[in-house]
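What follows is one structure encoded as structure tokens, with my remarks underneath.
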Amino acid sequence: MMRHILRDLEWGIVFVIITLVLFLIISWLTIQPVIATVTETEIAPGQIHCRSEQVLTDDAGHKWQIMFFTEVDSPDVTSLNLRLSGLYSSANIESQKPLIVSTDHKRYAATDLFLENPPLPSIGQYNLKNIFPRLSLSDLSLEIPLENDTTANLNIPQSLVEEWLQVSDKNYHSFPKLPYTFQFLC
């Protein structure tokens, strides 16, 4: 009798372990890469800060936080900024040299807005307002100028470029906010 109970218990444990292993394998195979989302913040009345953030790895294995953001003073977009932050201070940006944005055999140069005083040596910020409308909706390549006359090559996937397009297309109009309570007059 006791032997029968132990055997059933062993089979139950084996069944639970097999189920957990299958669940982990299936969940591991179906995990999609994380895609950044567009977030909006109202900085001041009528001034909206819209951004997209993502962490990508360059060809040398350095991780970069990529933030594409805009500040909108209704209804005009005042700037389209790309901020590159080398994570773990693994790469220092040479702010005296331009960022090269490449797509479809075309190259564009953007100067660092932190030319004089970068907050950290691993941070660069570039205004792409004049460049971004000329880019196609395909993969982009960024050549980030680093110290010691080297560059970091960062590939931006098409899905992220499309997300940046959402950020750049934000045009805001002053719509009155609806009240939380409504009064119906009959």
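A few comments on the model shown:
- Against the empirical 2.2 N^0.38 Å (N residues), segment 38-168 has a Cα radius of gyration ratio of 1.02.
- Under the Karplus curve 6.51 cos²θ - 1.76 cosθ + 1.60, θ = phi - 60°, whole-Hz ³J(HN,Hα) for segment 14-23, x wherever Gly or Pro sits: 4, 4, 5, 5, 4, 4, 5, 5, 4, 4
- The modelled label-to-label distance for the pair residue 41/residue 148, using points 7 Å beyond Cα in the direction of Cβ, is 3.5 nm.
- The H on the amide N of residue 47, modeled in the peptide plane, is under 5 Å from the matching H of no residue at least 5 residues off or on a different chain.
- Likely footprinting exposure, 4, 105, fewest C-beta neighbours within 10 Å first: 105, 4
- Protection-proxy order for peptides 78-85, 122-129, 56-63, each taking the mean of Cβ atoms within 10 Å per residue, highest first: 122-129, 78-85, 56-63
- R0 of 30 Å, Cβ-Cβ distance residue 134-residue 67: FRET efficiency to nearest 0.05: 0.90
- Listed residues 160, 105, 85: farthest to the positive end of the dipole of segment 66-166 (Cβ charges): 105
FYI, it's all coordinate maths here, none of it is from the lab. Since this is a predicted model, take the numbers as computed values, not measurements. Counting neighbours? That spans all protein chains shown, and the Cβs are built from the backbone with ideal geometry, glycine included.
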